[in-house]
Amino acid sequence: MTYAGAIIGGSPEYGETLSIIANPATGDAAGEIAITDAAACERAIAAARAAFPGWAAKPDAERQAAVARCADIIEEHAEELARLLTAEQGKPMNGTGSRFEVGGAAAWTRHTAGLVLPVEYVQDDDAAHIAIHRRPLGVVAAITPWNWPLMIAIWQIMPAIRAGNTVVIKPSPFTPLSTLKLVELLQAALPPGVLNAVAGPDELGSLLTSHPDIAKVCFTGSTATGRKVMASAAPTLKRLTLELGGNDAGIVLPDADPQAIAEGLFWGAFINNGQTCAALKRLFVHDSIYDAVCDALVAYAASVKTGPGTEEDSALGPLQNEMQFRKVARLVDEARADGARVLTGGSPTAGAGLFYPVTLVADAKPGMALVDEEQFGPALPIIRYSDVGEAIAAANAADVGLGGSVWSSDIDLARDLALQLECGTAWVNKHGAIRPDTPFGGVKASGFGVEFGPHGLSEFLSLQVLHD
Ligand code: NAD
C-alpha cells in the first residue's frame with residue numbers, strides 16, 4: 001500500500017519518489033511512502049504559519065475540545081494504528097507492544113486536553129495590577145525517533161497544539177507510516193494547517209531546525225543528533241526541548257529479594273526489546289546476591305517469547321533496523337571477547353527478520369562498550385559490586401542522565417540512594433514507569449526540558465506579563 005508522504009494544510013500529498021518501508025520481522029515491505037522534498041517541507045511550514053494566528057486566538061475551551069476529540073479518534077482507529085505500527089516497527093501487538101502504545105497515545109492526549117492555562121496574579125489591588133498570561137510560541141517542529149513512533153509523536157504534538165501552537169512533525173525515516181496515518185486521521189478534529197506532517201530523510205529535520213519560521217524544536221532522538229539540532233537552532237534562537245539518549249543504571253542492594261524483583265528488572269531492561277530511552281541499560285548487583293539475581297533473570301527470560309509481532313503470544317519482536325541489530329551483536333561479541341559471560345542469548349537468531357534473543361551478560365565491567373555505550377537493544381550487562389558508594393559513582397560516571405533505579409526491601413535507604421543518582425527520574429523497585437501528569441526529562445547529555453503535565457505544557461508557552 002502507498003501512504004501519503006505529507007499532510008499539508010489538511011490535505012494528504014502523494015509525491016513521485018517512493019520509499020519502501022521494511023517490515024523488520026520479515027524483510028518484506030510494510031508499505032511504501034511518498035518522500036517529501038524540501039519544497040513540500042517549506043509548504044508545510046507555511047501552512048502551519050498561516051494557521052497559527054487563528055488557532056492561537058481560539059477560545060481555550062475550543063482547543064481543549066479539539067484535543068479531546070483527537071483522543072477519541074485515536075481510540076476509534078486503535079486497531080488499525082496498532083497493526084501499522086507492528087508492521088513497520090516490529091513490536092508485538094500485545095504486552096507492552098503496539099496496542100499498549102496506541103492506548104498510551106490516547107491516554108496522553110486525553111490528559112493533555114484537560115490541562116489548563118491559568119492567568120496568575122502577582123498583585124491585584126488599588127496599588128497595582130500585575131498578571132502573568134501564557135502565550136503560544138508559533139510553529140513547533142516535532143522530530144521523532146523509531147522506537148515509540150506514535151507515543152512520542154503524541155507527546156510532542158498534543159501539548160504543542162493544546163497550548164495554541166501549530167505543528168510540523170517529521171517522523172523517523174524508519175517508521176513514518178503510522179505517524180502519517182495518525183496525522184491524517186487527526187485532521188478531522190483540527191482546522192487545516194494546525195497539524196502538518198512530512199516524511200523524509202534526516203535533511204528535512206535540519207531544514208526544520210534551522211528555519212526562521214520555526215519558533216521551537218521538540219526533538220527526541222540520539223545525543224549526537226541532539227547536538228546538531230542545538231547548533232542548527234542557535235542562529236535563530238529557537239526554544240528547544242531535547243529528549244536524548246540514556247544509559248540508565250539500576251542498583252540492586254544486598255537485601256533485595258531476587259525472585260521478587262526479577263520480573264520488574266527484566267521488563268525495566270527489555271521493554272520494547274531494550275529500544276527505549278529510559279530502559280535499564282546497566283545493572284549493578286551486590287556481590288552477595290549476584291548469582292541469585294542472575295539465575296532469577298535467566299529463569300524469567302526463558303518464559304518470554306520473542307517472535308513476529310503479529311503472533312498474539314509474542315512478548316518481544318525483532319530489532320527495528322539493521323544498524324541497531326548490528327550494534328547490539330557487536331557490543332555483545334566485544335563483551336564476550338573481553339571476558340564477560342553470556343548467560344542466555346548472545347547471537348542473532350537464524351532466519352529472516354532482525355531477531356536477536358534476550359541476552360544477559362554477566363561479569364560485565366565499566367570499560368566494556370556494552371556498559372559504557374547505550375546499547376538500545378536486548379542485551380543487559382550485569383555488573384558485580386561490593387561497595388554501594390562505588391556502584392553509585394560508576395552509575396553517575398555516564399555522561400547521560402535520563403533514569404535510574406535502586407532495588408531494596410529498605411525503602412528509606414533506597415530512596416536516599418536513588419536521590420544520589422544523577423538523572424531526571426529515579427525509581428525505587430521499578431524502572432521506566434512514566435505518567436502523563438508527571439514531568440519526564442533528562443539531565444547532562446540526556447538533554448533538557450521536560451515533557452508531560454503542566455511542566456511539560458509550559459515548554460510550549462511563553463509568559464507575558466501585563467502591568468496596568
Ligand atoms: P536519531 O537521532 O538518529 O533520529 C531521530 C530523528 O532525528 C529522526 O526523525 C531523524 O530523521 C532526525 N534527524 C537526524 N539527523 C537530523 C538532523 N541533523 N537534524 C534534525 N533532525 C535529524 O535517533 P534514533 O536512532 O531515531 O532514536 C534512538 C535514540 O533516541 C536513542 O539514543 C534513544 O535513547 C533516543 N530516545 C530518547 C528518548 C527520550 O525521551 N529521551 C525517547 C526515545 C528515544
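Return yes when Ala262 is among the small types (Gly, Ala, Ser), over 22 Å from Asp372 (Cβ atoms) and away from the ligand (no atom under 16 Å from the Cβ) and no when it is not. Against the criterion (among the small types (Gly, Ala, Ser), over 22 Å from Asp372 (Cβ atoms) and away from the ligand (no atom under 16 Å from the Cβ)), Ala262 qualifies.
Just checking, does region 128-144 include any residue being out of contact with any strand residue (DSSP E or B) (no Cβ under 8 Å at 6 or more places or on another chain) and either among the hydrophobic types (A, V, I, L, M, F, W, C) or within 16 Å of the ligand (Cβ to nearest atom) (or both)? Looking through region 128-144, none of the residues is out of contact with any strand residue (DSSP E or B) (no Cβ under 8 Å at 6 or more places or on another chain) and either among the hydrophobic types (A, V, I, L, M, F, W, C) or within 16 Å of the ligand (Cβ to nearest atom) (or both).
Residues in region 304-313: is at least one within 16 Å of the ligand (Cβ to nearest atom), touching a Lys or Arg at 6+ places or on another chain (Cβ under 8 Å) and not acidic (Asp, Glu)? No, region 304-313 contains no residue that is within 16 Å of the ligand (Cβ to nearest atom), touching a Lys or Arg at 6+ places or on another chain (Cβ under 8 Å) and not acidic (Asp, Glu). Just one of the listed residues (Ala231, Ala262, Ala278) is at pLDDT 95 or above and either of a type in the set (D, E, K, R) or in contact with a strand residue (DSSP E or B) (Cβ under 9 Å, 6 or more places away or on another chain) (or both), namely Ala278.
The residue pairs whose first member lies in region 116-141 and is of a type in the set (Gly, Ala, Ser), whose second member is loosely packed, with under 11 Cβ neighbours inside 10 Å and not in a strand (DSSP E or B), and whose beta carbons are closer than 7 Å, counting only pairs six or more residues apart or on different chains, are Ala131/Val119. Listed by first and then second residue, the pairs with beta-carbon distance under 6 Å, at least 6 apart or on different chains, first residue in region 159-185 and open to solvent by less than 10 Å² (accessible area, probe 1.4 Å), second of a type in the set (S, T, N, Q) and more than 14 Å from the ligand (Cβ to nearest atom), are Arg162/Thr112; Val168/Asn196. Taking the stated definitions as given, is Ala391 open to solvent by less than 10 Å² (accessible area, probe 1.4 Å) and either assigned to a helix (DSSP H, G or I) or not acidic (Asp, Glu) (or both)? Judged against the criteria, Ala391 is a match.
Here region 186-207 is the region considered, the condition is being farther than 24 Å from Leu84 by Cβ and assigned to a helix (DSSP H, G or I), and the residue that is most open to solvent (accessible area, probe 1.4 Å) is Glu203.
Only one of the numbered conditions (1) under 25 Å from Leu457 (Cβ atoms); (2) outside the structural domain of Ala51 (by TED's automatic domain parsing) is not met by Thr236, and that is (2). Restricting Gln420, Gln464 to residues that are away from the ligand (no atom under 16 Å from the Cβ) and either closer than 25 Å to Ala215 by Cβ or outside any loop (DSSP other than H, G, I, E, B) (or both) narrows the list to Gln464.
For (1) more than 30 Å from Ala418 (Cβ to Cβ); (2) of a type in the set (Val, Ile, Thr); (3) in a loop (DSSP other than H, G, I, E, B); (4) touching a strand residue (DSSP E or B) at 6+ places or on another chain (Cβ under 7 Å), each residue gets a yes or a no:
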| position | (1), (2), (3), (4) |
| --- | --- |
| Asp313 | yes, no, yes, no |
| Arg330 | yes, no, no, no |
| Gly346 | yes, no, yes, yes |
| Ala350 | yes, no, yes, no |
| Tyr356 | yes, no, yes, no |
| Glu374 | no, no, yes, yes |
| Arg384 | no, no, no, yes |
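So which residues in region 316-350 are over 18 Å from Phe266 (Cα atoms) and either open to solvent by less than 60 Å² (accessible area, probe 1.4 Å) or aromatic (Phe, Trp, Tyr) (or both)? Passing the criteria: Gln320, Asn321, Gln324, Phe325, Lys327, Ala329, Leu331, Ala335, Gly339, Ala340.
For region 437-461, residues that are open to solvent by 30 Å² or more (accessible area, probe 1.4 Å) and assigned to a loop (DSSP other than H, G, I, E, B) total 5. Screening Ala25, Ala48 for residues that are surrounded by 15 or more Cβ atoms within 10 Å (Cβ to Cβ), modelled with pLDDT of 95 or more and in a helix (DSSP H, G or I) leaves exactly one candidate, Ala48. Any idea which of (1) part of a helix (DSSP H, G or I); (2) open to solvent by 70 Å² or more (accessible area, probe 1.4 Å); (3) in contact (Cβ under 8 Å) with a residue 60 or more places away in the chain is the one Ser409 doesn't satisfy? Ser409 satisfies every listed condition except (1). Scan region 372-396 residue by residue and report those that are within 16 Å of the ligand (Cβ to nearest atom), closer than 19 Å to Ala301 by Cβ and out of contact with any Gly (no Cβ under 6 Å at 6 or more places or on another chain). The answer is Gln375, Phe376, Ala379, Leu380. Pairs are defined by a Cβ separation below 6 Å, a sequence spacing of at least 6 or placement on different chains, a first member in region 198-214 that is more than 18 Å from Gly9 (Cα to Cα), and a second member that is surrounded by fewer than 22 Cβ atoms within 10 Å (Cβ to Cβ); the pairs so defined are Pro201/Pro173; Ser206/Ser232; Leu207/Ala38; Thr209/Ser232; Ser210/Ser232; Pro212/Thr236. Please determine whether any residue of region 267-275 is polar (S, T, N, Q), in the same structural domain as Cys423 (by TED's automatic domain parsing) and surrounded by fewer than 23 Cβ atoms within 10 Å (Cβ to Cβ). No: region 267-275 contains no residue that is polar (S, T, N, Q), in the same structural domain as Cys423 (by TED's automatic domain parsing) and surrounded by fewer than 23 Cβ atoms within 10 Å (Cβ to Cβ). Candidates are the residues of region 226-258 that are part of a loop (DSSP other than H, G, I, E, B) and touching a helix residue (DSSP H, G or I) at 6+ places or on another chain (Cβ under 6 Å); the one that is most open to solvent (accessible area, probe 1.4 Å) is Pro254. Name the single residue that is farthest from the ligand (Cβ to nearest atom) among those in region 174-219 being polar (S, T, N, Q) and within 26 Å of Leu354 (Cβ to Cβ). Only one residue tops the list, namely Ser178.
The values are calculated or read from the model by the stated rules, or taken from the named source; none is laboratory data. What you are looking at is a predicted structure, and each value in this text was computed from that prediction instead of being measured. Positions of Cβ are backbone-derived with ideal geometry, glycine not excepted, and every protein chain shown enters the neighbour counts. These area figures cover heavy atoms from the full protein model, side chains too; ligands, DNA and RNA do not enter into them. Shrake-Rupley method; radii C 1.70, N 1.55, O 1.52, S 1.80 Å.
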